[in-house]
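Okay, so here's the structure we're looking at.
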Amino acid sequence: MSKVDIKFNENPKAPDAGADVSILSREIAEKVRRFHSTFDTYAPTPLARLTHLADHLGLGEILVKDESYRFDLNAFKVLGGTYAVGKLLAQKLGKEIDEVSCNELRSEETRKAVGDITFASTTDGNHGRGLAWAAQQFDQKAIIYMPKGSDPIRRDNIRALGAECTISELYYDDCVRMAWDTAQKNGWLTVQDTSWEGYEEIPTSIMQGYTTLALEALEQMQAMGVNRPTHVLLQAGVGCFAGAMLGFFMSVFEKDAPTFIIVEPEAANCFYVSACENDGTPHAVTGSLATLMAGLACGEPNITSWEMLRDYPLAYASCSDDIAAKGMRILGAPMKGDPQVISGESGAATTGFLQWVMQEEEGREAREKLGLTKDAKVLCINTEGDTSPETYRDVVWFGRNN
C-alpha cells in the first residue's frame, strides 16, 4: 500500500526574505550552457508534454524534462561533473570558464600545462558516470567509489569510461567520507556533489552545472506557450539538484516563482525530517537508506543548498518505493497520444507522487493546499533513464513494488 507523508512549510519565505539564489541566476545558467554547448555531443534534451495525462489527472499541463537523452549517458548528472571539472581545469590555466571550450581543455597544450590529475568521488551511479565521462573527455583519471548495495551494472558503466570504480561495504554518507580521506592522502581532487563545512566551492559549481537543463526547460516551455510553471516537483537526495532547479526558477521569477514540492524516499528523507523538526537546521537520517530510488539514497543534506530548500518549498513529501514504481509505469506506458518517457527509479518519483496526490483520497487535502487544480502547469524532471535495466524491467514488466 502506498505511503506518503507530507510536511508543509510553516513559514515559507518571500524571495527578498529567504536564502540568496543569485549563484543560480539566468545569467550564470547562460554561461554554463555556453560551456556545455562546446561539447560535440551537446543537444538540449526533450521536454515531453503529457497533455492526456494532465487531462486525466485534472491538471492544466504536465511537462517532463527528459534527461535520459543527456550526452548519451542516460542521466542529467554529467552536467554538474563536466562544468565543475571544466572550471577546475580553467583555473589551472589562469582562465575563467567562459574563456575556454571543451576542445581547448582537451588539447595537448592544456594537458601539458595542467599535468596529471585524478578526480575522485562517491556516487550512487549517475554522478560517478558523469565524472568518469568528464575525466575521459579531458584525458584525465577518475577513481569512483560506490556505497554498499549498488547495482553492479552502474559500476560497470563507470568502468567502461576508463575510470576505476569499486563498490564498498559502506553506506552512502560513510562512503563519501572514506573517499574524501583517501583523496586527501593521495593528492587527488574530490569532485563530490554534496558539501560540508570547508568543501563548498566545487559542489556549488556542480549545482550551477545543472542549470543548463533548467534554462533549456524554461525556453522549451515558453516556446510551447507556457510562460512559467505554476508548480515544480523536485527529487531530493543530498539536495544539490533540487537546490539548483529551485534557485534558478526563484531567481528568474522572484515573487512570481512557482510552488516547489520536494519528493524523497521514506528511507532517505532528510529534508522531510528536517522540515518536521522545524528548528532551521539540517537533520540527517541514518542506517542502510535502502530504497528502490537508489539515486536518492542519501541521508545528509547538502549545506550549499540547505537554506534554499529550507526557505522556499511549500511542501516536503516522504514516499514509499511503490510511488516511484508507479511513476515508472505511468511514463513508460503513456496515455494514447502522449510521448513515452523511459524513466528510472529516481527519475519517476515526482510523477508517481503527482498521480498519488491527484487521485488518491488520502491526497485530497494536500492537493487543495498545494493548489493543484485544472489551471496548474506542473514541471517534473526525469533525472535518469533505465540506468539499471534489470531493475527497470522488474518494475515495469513484472510489477516489482506494485
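None of the figures in this text is laboratory data; all of them are computed from the coordinates on show. Bear in mind the structure is a predicted one, so any value in this text is a computation, not a measurement. When we count neighbours, we look across all protein chains shown, and the Cβ atoms used for this are built from the backbone with ideal geometry, even at glycine.
The ranking of TRP196, TRP356, TRP188 from fewest to most other beta carbons within 10 Å of each one's beta carbon is TRP196, TRP188, TRP356. Computed over the chain, the per-residue total of -39500 (n - 2.57) for DSSP H runs of n ≥ 4 gives a 222 nm mean residue ellipticity of -13000 deg cm²/dmol, rounded to 500. When the P(r) is computed for the range 159-273, the part past 26 Å accounts for 35% of the Cα-Cα pairs.
To check you understand DSSP bridge types, tell me what percent of the beta bridges within the chain (both residues inside) are antiparallel, rounded to 5. If we restrict to bridges inside the chain, about 25 percent are antiparallel. The ranking of ASP193, ASP174 by Cβ neighbour count inside 10 Å, starting from the fewest, reads ASP174, ASP193. Taking the Cα centre of the chain as origin and assigning +1 to Lys and Arg Cβ atoms and -1 to Asp and Glu Cβ atoms, the resulting dipole is close to 680 debye. Listed from fewest to most Cβ neighbours within 10 Å, the set TYR392, TYR69 follows the order TYR69, TYR392. Taking every Cα-Cα distance in the range 78-192 and sorting them into 10 Å bins from zero, the calculated P(r) comes out as 15, 46, 29, 9, 0 percent. Rounded to the nearest 20 debye, the dipole size of the range 78-192 about its Cα centre is 140 debye, using +1 on the Cβ of Lys and Arg and -1 on the Cβ of Asp and Glu.
Inverting the pair-averaged 1/r between distinct Cα atoms of the chain gives 20.9 Å as its Kirkwood hydrodynamic radius. Think of the chain as having a plus end and a minus end, set by charges on the Cβ of Lys, Arg, Asp and Glu; of ASN11, LEU53, GLY239, LEU53 sits farthest toward the positive end of this dipole.
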